[in-house]
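Worksheet: the structure to be examined is printed underneath.
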Amino acid sequence: MQKFLLVTTTSVLLAPNLTFAEDFVFGDQEMPVVLSATRLKQAVADAPASITIIDRQMISQSSAREIPDLLRLVPGMVVGYEKGWDAFVSYHGTSADMARRMQVLIDGRSVFQPSLAFVDWIGLPLELDDIDRIEVVRGPNAAAYGSNSFLAVVNIITRNPADLPTVRAYTRQGSDGINDSLVSYAGVKNQFSWRLSANTRADSGFDKYFDKVTLKDANGNNVVRPDGNVVKVFNPYSYPDDKRQKAVYGQMLWESGNESSIRFGAGHSELVGGNRAEGGLVEFLNEPDFNTEQNYLNLSMQHNTQNHQFQLSSDYSQFKAKQNIRVAVPAGFFLPELQQMFVIDRIYTSNFLDGVQGLLSGDPNASLPNITRADIGLLTLAVACKTGLQQGAQCGALVPDPMYTQELNYTSNLDKTESRFEAELQDTWTLNPNLRIVYGAGIQDSRADSLHYFNGDVENTVWRLFAHGEWQFAPDWRLNAGIMDEHDDYAGSLQSPRVALNWRFLPTHSLRLVASRAYRTPDLRESKAYWQYYGQTEDRSLSKYDGYFPFVGQAPAANGQTCVLTTNYGDGAILSICTNGAPSERIISHEIGYYGELPKQHLQLDVRIFRDDLQLSEHNLEIDDFVIAPLIKHQQRGIEVATQWRPHPHWRFLLSYAYDDITGYNDNTDFVPKHSGNVGAWYDGLAGVQSSLNYVFYNQLYNDPDDGGLYFDRLDWRLAKKWTVRQKHDLELAGVWQIRLTEDNELRRSNGAPRDKMWLQLTYAFD
């Protein structure tokens, strides 16, 4: 789930009727206002960061079905689908299968799951039609939102109930089993306004299915076991990944003029997805549904005085995941010798088991890994004798045991529940027209319960103090400075500062210099993992194995530290590495930015030149590779350009490009495209006709010269027609076509497989 931290931006929650172009006037020009950079309402030219705004028009006229697709419009953002129901989004691509280094907020409420460090994008209780705009802060923003704001912040701001039609409904039908719907009701009475929405989404994933394939030898013949049965092995690229999602959520807002307001929000969602199987030490016999459930409650209050804006907010969220998987345990795995071998060296054991299974099945190409250590050699001999791989005097009294020569069928429980409570008090103090300060304090308590991942309950508490000031010390100059001080139960105290100088050298043109430092504290898996499989066999005669599947990833020491057994390949010694968890990652970022508008040409331009010095964990922890790696130094340098041109009220053109050069190559840079961007055209014309055409590409994915640089590109087209059936009754019919232009099979697996998708959407609104 994603790192921790987060803070509730109640200024977003409670700013009534804030729109994309809220008045912030310079001369006769209006400039977009943002809230996400510093917690202060600022013109985008005065913010200490590069910010991408995806406004309501872009959302409604895009070809996106889900939030991740919208984020393809952000320079430097990488979006893909590992499964049909499991999207990954990452700024600059690091650890792209998780959002572990990016903060994600909905109305100031964090939706980051801190146990395994991810965002359940598809299961979020929110539909695109309820989003007003999305603000993306590109660059570290831990000074405002804490440690998980390591590379970027995505702030999703929902629509004010008072601005919505009374009734909204749509149905969406298309290829690959697409079947979506929304029903929403909104109202206003006196000082109260509210909205309630319910939606469903479903599709058949990427048209893949779970299967096993028959193992062939070098001559193309079936490999047969000693008992005469053919050997079938797992096909890693054949799996079910369809999804069925449903949600209900709503908000209620009370406003007393411009002085006070209270906002309450609640939501519930359920997601059922076909789960992808993974190969390795455990072979999955079937792929049952993967079930997730999200619940949240949010309450925030605001009170304004002449010079102060006080905000108090509290949030509670809960995430549940249920998954029971039938697995086949490799022959011989329950041997004490093999279990000890697994503790000593997991990678070796995995390779060893592959070799044993291959030899037992008669695979002529199978072989055991080289034995260079005497202790491993003895263990190998013991396993080989008990599995019947070797016979004779060498084995002595070690008689083959049938229990070690056949696969054992287990049902394993991978369930997980986690919850998070946050509370925060914030004050925005206007000392004079040229000096504003926002400061406050908050607490975040995260808990997780899983036998599989943690051997029970784990908990982490984060306390935070923050302050940020904006000082206009000259007519054209602003200084932004802020700091976040956090105390984490596992990571201790960390300080994330930022300072920026903004020069408005023309009324609609500005330059900025930004320097910041940010930390990412370890997630619960990195801090307190005790990763193992529990399960039961179907054959009760094997009762001595019931109840425990003996994979051990980490085991806590008596002193509360985390210990990992590993090998030192130099001298063959077995080492016990004990730490207080993974170290905190660090980034030191420097940025030169430009934001400008050419009013007569109706042109906006944003440029970001950056250099980031990072210290990142070597790789994500895995069950068969559970060594806490040291921090590895990286450096990212690049440029991002985004422009928007509106030559006519009916037309909008978008263009963005990002270049990212990162030193080194490891698991953290798997999805760092060297070149990426998008080109889009939006038309909102006469007679209710709308159309949008957008092209997105990623070039040289993996950033690895030995890989040759993989490529991904896609073209999306939307065409819609709106009718006013009668007064206040609107009807819209829209068609969407998404086509992948790249044929690379690996990219198609990584970014969502079929080559094209099409759907029709019928929308009704009554006001």
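A Förster distance of 30 Å, applied to the separation of the beta-carbon atoms of residue 256 and residue 196, puts the FRET efficiency at 0.85.
If we count every other residue with Cβ under 10 angstrom of residue 517's Cβ, Lys/Arg +1 and Asp/Glu -1, where does the sum land? Here the charged neighbours net out to +1. Dipole of the range 410-518 computed with +1 at Lys/Arg Cβ and -1 at Asp/Glu Cβ about the Cα centre; of 507, 434, 518, farthest Cα towards the positive end is 507. When 484, 252, 31, 301 are arranged by Cβ crowding within 10 Å, least crowded first, meaning fewest neighbours, the order is 252, 301, 31, 484. Which residues does the label zone of residue 767 cover in the range 137-165, counting backbone N under 15 Å from a point 7 Å along Cα→Cβ? Under 15 Å, as judged by backbone N against the label point of residue 767, lie 160-165 of the range 137-165. Label positions at residue 493 and residue 733, each projected 7 Å from the Cα along the C-beta direction, are separated by 6.6 nm. For the range 28-144, a simple Cβ point-charge model (Lys and Arg +1, Asp and Glu -1, everything else neutral) yields a dipole of about 420 debye relative to the Cα centre.
If the segment from residue 476 to residue 598 were pulled out straight at 0.36 nm per residue, it would be longer than the present Cα-Cα gap by 42.1 nm.
If you plug the beta carbon distance of residue 264 and residue 307 into 1/(1 + (r/R0)^6) with R0 = 35 Å, you get a FRET efficiency near 0.80.
Around residue 682, with a cut-off of 10 angstrom between Cβ atoms, what is the net charge of the other residues, counting Lys and Arg +1 and Asp and Glu -1? Residues near residue 682 contribute +2 overall. With a threshold of 21 Å on the Cα-Cα distance, the over-threshold entries among 674/757; 320/528; 722/757 are 674/757; 722/757. A Förster radius of 22 Å, combined with the Cβ-Cβ distance separating residue 293 from residue 421, puts the computed FRET efficiency at roughly 0.80.
Any read-out appearing in this document is the output of simple, stated calculations on the displayed coordinates, not a laboratory observation. Please read all numbers here as calculations on a predicted model, not as lab measurements. Methodologically, a virtual Cβ is constructed for each residue, glycine included, from the backbone with ideal geometry; neighbour enumeration extends over all protein chains shown.
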